[in-house]
Structure formats: C-alpha cells, structure tokens
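Read through the structure below, which is laid out as structure tokens, and then see the notes.
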Amino acid sequence: MRRRWQILGLVFGLAGATPAVARKTNQAVYEDPFDLGAGGASLTRASKDGRIFANPALMPQGGGLFRWLGSTISVLANKESVGTAQSIFKKAQGGGEATEATEAEQAAETQAFIDKVFKDPVRVGWGFSLALVTSNFGVSVFSRFEPDIRARAYGPTGLPEVRFEAESYHGVGVGTALRTPWKALSVGVTGKYLYAAEPTISVEITDTESIAAFQNQDLVQDLTSHNTGVGIDAGAVLLLQGHHVDFSVAAKVDDLGSTSLKGAAESPTEFKQVQSAGVGLTLHTGSDAIHMAVDYRDIGNSYGEELFKKVYAGTKVLIRTYVGVSAGYYNGYPSYGAEIDLILVRLAGTAYTRELGDHPGADPRRLYMFSLSAGF
Amino acid sequence: MTAIWLAASCGGENNVADCDKGNKAVPCSERTGDENARLALENQDYATAISLLEALIAAEPTVYARYPLCAAAHAGRAGISILELAKAQFSGGGSSGGLLASLATFLPDPQDLGDAGYDAALADVRASITYLDTIPEALRAATSGESYASSARLQLTLYRTTFSVMYLNKFAIDTQTGAFDASKLATMTEADALIVLDNLAAVAAMQAAGNPALQAKVNEALASIEGQDGATKAEKLKEFLTASQAGSTPAAPAPPAPAPAEPATELAP
C-alpha cells in the first residue's frame, strides 16, 4: 500500500517544489520561446529579454531606447503526456483526501498510474520572466521548471524503471551593452545570479529494496534543494547593415571562467565555460524581415557533445512586425514557431525536440510550448 | 534560402544527423551498440537486442553491466514480462495463491507456443540464468556497489523460479489442449525433478533476493513438496503438482532453514 505513496509522493514532491530535463550544456539558461522555434539560433538575433541571455551585445541593435518591458509566461508539454500530466497534478492538489482510500482503491490507482506513465511519459514545464530591456541595459528575472517522468519496461539494468528528472533554473540576469566607436560592433556583458537544481532519481519498480529507500522523507527534501552561483556571459556582435541586406557575426562566451554553483543539491555544481560563434543574414524592407542564422556552440568542446547538438540553425520571418513565423533545427530535429504581436500582448507557439541522449534517436523529447507575453 | 529552410524543416521529424533516417549531406552521429541494444529492448525487438548485447559481451566479457540486460532480453523473448510482474507486485495481485498460481499468468503458455516453441522459451530462460550466474557473486551481492547488483539478484530470483515452474509445466500441461495432463507426469525423471528443486533451493538460499514475497512462496512450495508422499524427489513433485491442480496442496509443515550458501545449480541439459 505504501509503495504507491512512495512513488506518487515523489512525483508530487517534485511537482510542488520548483524543479528540469536534459541538462543545460551549451544552451543559454533562459531562451525565448520564439527563438526556440527558429532552432535556438539566437546569437545574432534574439527576442525580448532572450537577448540578455542569448547575447547581451544584441541590446544596442535596433532603433529606440526601449526594447522590451514586460512579462512572459510559458507552458510546455509533450502532446501525448497532457492527459497524464493533468491526472497527476490533479492528484497532487487533492492528495490529502486519498489517505482515506481503501487499500484496494489505492492499489487500483497505483496500477492506473503505472499504466499511464508507461504508456505516455510525462513531460511538462513552465517558465516565467519579467524584464526590462533597453538599448544599453537589461534586467530579467526568470524561472524555468521542467520535470520529466520517463518510464521504461527495460531500464539501464534490465528492470522496469521510472526515472524522474528535472531542470529547475531560476535567477536574475543583468546585462549591459554598448556600441564601440566602430558603430558596427557592439559588445555586452551579462551578470547572472542562478538558483538551480537538476534532480534525478531512478526507481526500479520491481526492486522492493530500492523502493524502500523512498520511505525516507528527507529524500524528497534533498531533491528540492537548489544550488546557487553567480556567473558572467560576454558577447560581441558585428552588424554590417545595408539598405535591404544585413550581415552579422557574433561571438559569445557563456559562464566566463566557468560558473560554480554551491548548495545542498547534487547537481548542477558547475556550468562550464562555453565559447560560441554565429552568423546571420537578414533580408529586410522597412517593416518586413527574413533573418537566417546559424550558431555553433561550444567551440572548445567543454561538454564533449556531438556536432548535431552544437549546431543551431533557423530562420525567422517577421511580417509588419506583428506576425512572425520561424523554423529551424534544434538538436538536429526540425523546430517550428509562430508569434503574433497584438500590441500589448504577444502569443507564441513553438514545437521543438530536445535530444536527451548522446546520439540522434537515443532519448528524444518532442515538446510543444505556448507562451503569453504582456508588454511593449 | 528561407524557402529551403522551411521546406527542409517541414520534411519530417527525423534528426538530420541520424545515420539511417537523416540527411545524407549532414555528418551522421552513430548510436553506440549499447544505445541500439537499449532501443531494441524498449521496442521489444528481443532478437536484435540479444544479438547486439551478445556481440558486445563477446568483445568485452568483463563489462558485467550488460549481462542483466542480456538476461532481460532473453527472458523477454521467452515471453516473461518483468513489467507485468512488477505491476502485479504493486497492485498486490502477485501475492495471492501459491507459487504456481502466482506465476501462472506471467509465464508463457505451452499451448500457445507448442512443444518446439516452449523448449525455445525454456532455453531462453536458461540463458538468462546463465548470464546472471556468470557475473561474479561478489559483484552482484548486496554489498556490491555495482548499479546492476540488485537487478541481477532480483532477475536471478525471478528467472530461477519461473524456469522451475516452466520446466514443471512441461510435464504437466498438454500443449494441444493447454490443460493439466496427469499422464504426462510419468515422463518426469528424477533428474528432471532435481533440476526443478535445485533451482528452487537456490532461490530459497539467496541472500537479499530482491523479492521477499516470492522467496517466501518458494520456501513454502519447497516445504510442501518435501511433505508429499513419495520415495523419490520425482514422486514428491508429482504428488505436489497433482495436489496443486486439485487445489488441495497440503500446508507446509515448516519452512526449511535457509541454506548457508547459494548452492551450485544444475540447469536443464
């Protein structure tokens, strides 16, 4: 009887806390949803407060003083997991009542839960940001939480396994940038305070010995612990503008000197320094634009990832500044996005895939994200 | 160029760097043998998983982490679903009835497989046990720090038990009708009985077997068999089977004391 609550309690514990999926390597700690639709190629062009994290040197680009003042909320889910996620979080909200359920009812609920998770793994997430971005300064408070519950009939040791993972990244980024005397070149730097956790727990559900370990309440508390650290990103953009064609080259260093994170959480303890470079080509009229970009991240191979996880490529098409569509390749998989600007409100939808394994097809997650931004 | 990007992006959900389904113009990133074996297992393509894992084991015989996976693949091909066993364990469904009744729904049905298929399934379970037995005992002991240790012990418990019951069924179930056939029991030899009993005894003797409930049932069954009338092990086992089918298995007199060490167990020839 208690096994059910050991597993469900673990899920609820993670859900009630603030927690992440494939762990951050060469990607920015916070990415704008529309930028993800364009394959995540954001070194030479990023949206809203995504600029602060993608490349602070992007802030001086464009006209006017204010770039963005507003807030963005986003939700993310795997299409097949929506029903399962709803069920789990519904239970999480009303978990107290279930203690009165009979043993048979609890067993049936456990059976239903296991069936659901094995059929439709749960991948959900949400994000929030509140930001002010000007041509020379930007500040963004962000929060991103992506739990991932994956069940396999055959885990790494051959037994059925339920694996809980999460990416929980929160913090504040403060960026500043300026144009150099050579106006085509801008440079920027972002300081960030990070509150992060990447909890992982694996349960072999036939193994009563390992399940017994989850009776320890301290375990859930350990999983919700976060580490903190302060890091610095620095970037530069060279923008050569023409009447209808712009060409840009960008360079960026993430986590200059590596960012150390300390605290009670097992992970992350360090974000390694990553050097990246990107090129962009923009075809534009006065109000429409087509931006094509390719980023090559982690030039120094700090994380030892395969090429397909280091190249981000995509295109954004902006029509009359009110409508945008994007497409690209993120982790080698096709990605799509669309955004509508309703003056004070922006709606965006993104579909992209993250490869959590080391090679294509090893452990992919097809994700759908919707975001609502309020601001101008 | 945008059109190219959009068209390329809309071309499907495959990874451009996938060696099989990707874009040939992009450098492909090949999955490792271990990754392919895991994917094959997840897709229940047991033959491919076994082929890949056995090749990897042959190349690196001391990488014992692959042995429990290979054992699971063989068991999967035999028709044993560890997942179903697990689900039953959670819901309490696996704890009712005696040993034979508890496992009956999780084992391959002789009627479905036929004689040749059933023998092949038995050979697969035997291979599973062999792989797990090949892991040095110290590495699969409760004191081992290896991540696969508890899996190896649990799988060994399950497969030894299921092998015993499957082997018994070979002499009890008519593959044509799927029903208990008392006349087939006559073909069971003393050596056959010892194969069954030795495997069950090995389960009973295991330390930290990973499934105390199942181990307790094995102990009960062994005690019950020992309490049957008969001059030989085979006769006692036949009596036990007949009584089990009649639903009148006598109560075990007393559980046997755990053996001091796990005995070497002979599998089916």
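What follows draws every value from the coordinates through simple rules; no lab data is involved. Keep in mind that what you see is a predicted model, and the values were worked out from it rather than measured. Here Cβ is always computed from backbone atoms with ideal geometry, including for glycine, and neighbour counts include all displayed protein chains.
Annotations
- Computed on the range A:230-376, the Cα convex hull volume stands at 143 Å³ per residue.
- Karplus-based coupling profile of the range B:126-140, in residue order and whole Hz: 4, 5, 4, 5, 4, 4, 5, 5, 6, 5, x, 4, 5, 7, 10, with θ = phi - 60° in 6.51 cos²θ - 1.76 cosθ + 1.60 and x standing for Gly or Pro.
- Note, ³J(HN,Hα) from phi for the range B:14-24, Karplus 6.51, -1.76, 1.60, rounded to Hz, x at Gly and Pro: 6, 7, 5, 9, 5, 5, 8, 10, x, 7, 5
- 5 angstrom amide H check on B:I173, placed H, neighbours 5+ away: B:D181
- Of the cross-linked pairs A:K310/B:K24; A:K272/B:K24; A:K252/B:K24; A:K192/A:K309, those separated by over 26 Å at the C-alpha level are A:K272/B:K24; A:K252/B:K24.
- The modelled label-to-label distance between A:R366 and A:K183, using points 7 Å beyond Cα along the C-beta direction, is 4.8 nm.
- FRET efficiency for A:A264 and B:S147, using Cβ-Cβ distance with R0 set to 30 Å, rounded to 0.05: 0.80
- Our coupling estimate for the range A:299-313, obtained by passing each phi through the Karplus curve with A = 6.51, B = -1.76, C = 1.60 and θ = phi - 60°, is 4, x, 6, 4, 9, x, 8, 5, 4, 5, 8, 10, 9, 10, 9 Hz, Gly and Pro reported as x.
- Largest-first principal axis extents of the Cα set of the range A:299-340 (Å): 41, 18, 11
- Fraction of the pair-distance distribution of the range B:40-187 above 26 Å, Cα-Cα pairs, percent: 29 percent
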